[in-house]
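Engineer: Here's a structure for you.
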Amino acid sequence: MRANSKSIRVLAIFLLILAARMRLANAQTVSVWLTTDNQRTKLQQQASVTFSIGNGGSNPVFVDETQAYQQIEGFGASFTDSASYLLNQVATPSARIAAMNDLFTRAGVGIGVSLVRNPMGASDLARFHYSYDDLPPGQTDPALTFFSIAHDQADIIPLIQQARQLNPQLKIMATPWSPPGWMKSSGSLIGGALLPGMYAPFANYFVKYIQAYGAAGIPIDYISLQNEPLLVPGDYPGMSMDAATQTTVLRDHVLPALAANNIRTRVLLYDHNWDRPDYPDAVLAEPALLASEQVAGIAWHGYGGTPGVMWTLANKYPTKENYQTEHSGGTWVSDQVKADFEEITHVMRSWGRAYVKWSLALDQNRGPNAGGCHTCHGLVTVNNPSGAVSYNIDFYTLGHFSKFVLPGASRIYSANAAGIISVAFRNPDGSKALVAYNDTRTSKTFQVQWGNRRFTYTLSGFAGATFNWTGAQSGGYLVDARTQIQASSFNSTSGLQTEGTTDALGGYDVGHAHDRDYAAYQNINFPSGITSVSARVACVGSGGTLEFRLDAPNGALIGSVTIPNTGGWQKWKTVSGAVSGATGLHNLHLVFRGTTTIGNLNWFQFN
């Protein structure tokens, strides 16, 4: 008996040791970086959390790296004339060195900026108006012009060269606010349109710029033909260029000029706000441009419309990519933390390969500028004349992405939860980054479910965090049909767009629905006894029906709800309908039926 007892004790100890080792093996440490809405905590590392074996939870954020979407190229801002002058000439040497390291490396507080979009000539954030091919004073003969980037050699080029040393993965986009005035109907950098007889000189302007920068050791990865072509400002450089003109100039002049000079720089179309998708749609209707590998995709700005429009263009033109190339922070933004987390997350969830702010730096008076924006602010502020550099909240909110999402990363599937928006990535080294933001005023607790592991976290109101971990996913995920499923958590969609919602829990709704548009949701588990479904809808259009179908858009119909006219696109109403025949694990398709402007959907839940 004593021998048996001793054997039992040894076995028990062995089992305890084995269990402990299994727990350690199953544990996965996650580093956490936090920014709070009151800005008392800005991209600061918190206590780590640990994945443990488990499934479920009342408010899950599912992460599935087996579902990959677009590749990420970078995050950044612009070396405007103002930013370059301030960093190179006004900042003290020690402040400049620290700022450049913090902007372009990931060491310490560094955020690893990896894509910059630079003006070709003056923008509004410049000390004065200039181009690279101006006529001598009093002259009007274009033959007297002499192309030179001497202006940029003072401040812009030295800083870009330094940035490339700090971050060899840095990519550069170049965009004119205006070509030289002699090419334009206005005869000036201000206003006007490109003269038809100047299409070829305009194309050569790009060739000369790219070649000159190349001679300085700086490759230009992307160009767009015109900054904000649908805006003609009255006090700073700009130019009107409609879609038909851009199509002709690009097809017949710019692309041939690049090819003739063996230039591989790729072109982004449009370069303006999300509210006019008809413009890039019209340009890509030209077969030669759609077929051209040198036409990389579409550049978007964030001053109008919804990033969700990129879903529509990504579905329609799957060979072309989407880039968000400008949105400045500024005094008009009441809550920059909230605005940035919501928008950058939305851009990434909507097939964006890049997110670019506006100026890298401005001074304490939000200048210098030569017209245009007097209320913008940069990632950093350079005090003039002290030369001290301080970091704005934009530096930290952008850093939640740029510091942890490396060039070449892939966006992977992540769900939104009640009150929580998210976006997830798998880096080239296999590490994962999840950005989660509490889009409500009150604290929210959620569970991150990664395969068969999960952890629980609580974010205070309007706070955002980046979670970073390594390892391989084990297993998949199941969505309990009885939980509130956010409509924006779809795995794929056809015809629909997402947009920010003012409903109680924030986040994004799904809308812009026309007949037979649908959203698909994978791994929905229906326990026995499901008899009804509730859906949160809004509509000021014709209304219609929302069908719930299993496994395909035309699969088995298990139920539907009526979408009524609720009196507003953000006036929300919960509607219900009967459900039958829903058991087991299925992929679920929500199909909108009606005519046009059917309605918006925020969430749904089976009962």
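The values are calculated or read from the model by the stated rules, or taken from the named source; none is laboratory data. A quick note: this is a predicted structure, and the numbers were derived from the prediction, not measured. Positions of Cβ are generated from backbone atoms using ideal geometry, with glycine treated the same way; all protein chains shown enter the neighbour counts. We work out accessible area using only protein heavy atoms, side chains counted, and drop any ligands, DNA or RNA first. Shrake-Rupley method; radii C 1.70, N 1.55, O 1.52, S 1.80 Å.
Engineer: Can you pick out the pairs among Lys357/Lys432; Lys42/Lys171; Lys357/Lys573 whose Cα atoms lie more than 31 Å from each other?
Structural biologist: Correct reply: Lys357/Lys573.
Engineer: To continue, here is another question. Each label point is 7 Å from the Cα along the Cα-to-Cβ direction; what then is the distance between the points at Asn491 and Thr595, in nm?
Structural biologist: It works out to 3.5 nm between the two label points.
Engineer: How high is the FRET efficiency between Tyr303 and Leu478 when r is their beta carbon distance and R₀ equals 35 Å, given to the nearest 0.05?
Structural biologist: Values: r = 41 Å, r/R0 = 1.16.
So the FRET efficiency works out to roughly 0.30.
Engineer: Quick one: pull the percent of accessible area on the chain belonging to carbon and sulfur, 1.4 Å probe, ligands and nucleic acids left out.
Structural biologist: 52 percent
Engineer: How would you classify the stretch 315-370 from its alpha-carbon gyration tensor, with a ≥ b ≥ c the square roots of the eigenvalues: rounded for a/c under 1.5, else prolate if a/b is greater than b/c, otherwise oblate?
Structural biologist: Values: a/c = 3.76, a/b = 1.87, b/c = 2.02.
Note, shape of the stretch 315-370 comes out oblate.
Engineer: What nm value, rounded to one decimal, do you get for the distance between Ala200 and Trp332 when each label is placed 7 Å out toward the C-beta?
Structural biologist: Placing both labels 7 Å along Cα→Cβ, they lie 4.2 nm apart.
Engineer: Output ³J(HN,Hα) for the stretch 286-292: one whole-Hz value per residue in order, computed from phi by the Karplus curve 6.51 cos²θ - 1.76 cosθ + 1.60 with θ = phi - 60°, and x for Gly and Pro.
Structural biologist: Rounded to whole hertz, the list is 6, x, 5, 6, 5, 7, 6.
Engineer: Using the Cβ atoms and a cut-off under 14 Å, what net charge is assigned to the surroundings of Glu65, where Lys and Arg are +1 and Asp and Glu are -1?
Structural biologist: +2
Engineer: Accessible area per residue, 1.4 Å probe, Å², for the stretch 190-322: what's the number?
Structural biologist: That works out to 35 Å² for each residue.
Engineer: On to the next question. When only the heavy atoms of the protein chains count and the probe is 1.4 Å, how do Phe592, Phe146 rank by accessible area, highest first?
Structural biologist: Phe146, Phe592
Engineer: While we're here: How much area per residue is accessible in the stretch 406-467 when the probe is 1.4 Å and only protein heavy atoms are counted (Å²)?
Structural biologist: On a per-residue basis, 24 Å².
Engineer: What ranking, highest mean first, results for peptides 566-575, 289-298 when packing means the other Cβ atoms within 10 Å averaged over each residue?
Structural biologist: On the way: 566-575: 15.7, 289-298: 18.2.
Answer by packing, highest mean first, reads 289-298, 566-575.
Engineer: Return one number: the angle in degrees, 0 to 90 and rounded to the nearest 10, between the long axis of the Cα atoms of helix 199-215 and the longest principal axis of the Cα atoms of the chain.
Structural biologist: It is inclined by approximately 70 degrees.
Engineer: Separate question: Between the stretch 285-333 and the stretch 218-252, how many Å separate their Cα centres?
Structural biologist: Their Cα centres are 14 Å away from one another.
Engineer: For the stretch 574-607, list residues with backbone N below 15 Å from a point placed 7 Å from the Cα of Ser528 toward its Cβ?
Structural biologist: From the stretch 574-607, the list is 581-585.
Engineer: What distance in nm separates the two pseudo spin-label positions at Thr562 and Asn38, each 7 Å out from Cα along the beta-carbon direction?
Structural biologist: Output for this residue pair reads 4.9 nm.
Engineer: If you count only protein heavy atoms and use a 1.4 Å probe, how large is the accessible surface of Thr596, to the nearest 10 Å²?
Structural biologist: 70 Å²
Engineer: Can you give the angle from 0 to 90° between the axis of helix 336-349 and the longest principal axis of the chain, with both taken from C-alpha atoms, to the nearest 10?
Structural biologist: Helix 336-349 sits roughly 80 degrees off the main axis of the chain.
Engineer: Under 17 Å from a label point 7 Å along Cα→Cβ of Val232: give me every residue in the stretch 174-214 with its amide N that close.
Structural biologist: What the label zone holds, given the 17 Å backbone N cut-off, is 177-198.
Engineer: I'd like the FRET efficiency for Thr442 and Gln161, computed as 1/(1 + (r/R0)^6) with the beta carbon distance as r and R0 of 51 Å, rounded to 0.05.
Structural biologist: 0.60
Engineer: May I ask for the net charge around Gln473, where only other residues with Cβ less than 13 Å from the Cβ of Gln473 are counted and Lys, Arg are +1 while Asp, Glu are -1?
Structural biologist: Details: positive: Arg426, Lys432, Arg453, Arg454; negative: Asp64, Glu65.
Local net charge: +2.
Engineer: Heavy atoms only, probe 1.4 angstrom, no DNA, RNA or ligands counted: give me Thr105, Thr470 ranked by accessible area, highest first. The partial results should precede the final answer.
Structural biologist: Values: Thr105 25, Thr470 85 Å².
Final ranking, largest accessible area leading: Thr470, Thr105.
Engineer: Rounded, prolate or oblate: pick one for the stretch 32-90, where a ≥ b ≥ c are the square roots of the eigenvalues of its C-alpha gyration tensor, a/c under 1.5 means rounded, and failing that, prolate if a/b is larger than b/c, else oblate.
Structural biologist: It comes out oblate by the Cα gyration axes.
Engineer: Still on this structure: Order the peptides 97-104, 281-288 from the highest to the lowest mean number of other Cβ atoms within 10 Å of their residues. Working shown, then result.
Structural biologist: Numbers: 97-104: 21.0, 281-288: 16.1.
Packing proxy ranking, top to bottom: 97-104, 281-288.
Engineer: Sorted by accessible area with a 1.4 angstrom probe, largest first, how do Ser240, Ser350, Ser576 fall? The partial results should precede the final answer.
Structural biologist: Working: Ser240 50, Ser350 0, Ser576 85 Å².
Most to least solvent-accessible, the answer reads Ser576, Ser240, Ser350.
Engineer: Which shape class applies to the stretch 465-574: rounded if a/c is under 1.5, otherwise prolate when a/b exceeds b/c and oblate if not, where a ≥ b ≥ c are the square roots of the Cα gyration tensor eigenvalues? Kindly include the intermediate steps, with their values, before the conclusion.
Structural biologist: Working: a/c = 1.83, a/b = 1.31, b/c = 1.40.
Oblate, since a/c reaches 1.5 and b/c is not below a/b.
Engineer: Cα centroid distance between the stretch 433-480 and the stretch 48-69, in Å?
Structural biologist: Distance between centres, Cα-based: 7 Å.
Engineer: Separate question: Give the list, by residue number, of cysteines in the chain with no other Cys Cβ closer than 4.7 Å, or say none.
Structural biologist: Cys539
Engineer: Given the -39500 (n - 2.57) contribution per DSSP H run of 4+ residues, what per-residue ellipticity at 222 nm results for the chain, rounded to the nearest 500 deg cm²/dmol?
Structural biologist: Details: 13 runs with 132 residues, N = 607.
About -6500 deg cm²/dmol.
Engineer: Let me ask something else about it. At a threshold of 8 angstrom on Cα-Cα distance, excluding pairs fewer than six apart, so keeping six or more, what relative contact order does the stretch 58-181 reach in percent?
Structural biologist: 31 percent
Engineer: Taking the mean number of other Cβ atoms within 10 Å as a proxy for protection, how do you rank 546-555, 471-480 from highest to lowest?
Structural biologist: In descending order of packing, they fall as 546-555, 471-480.
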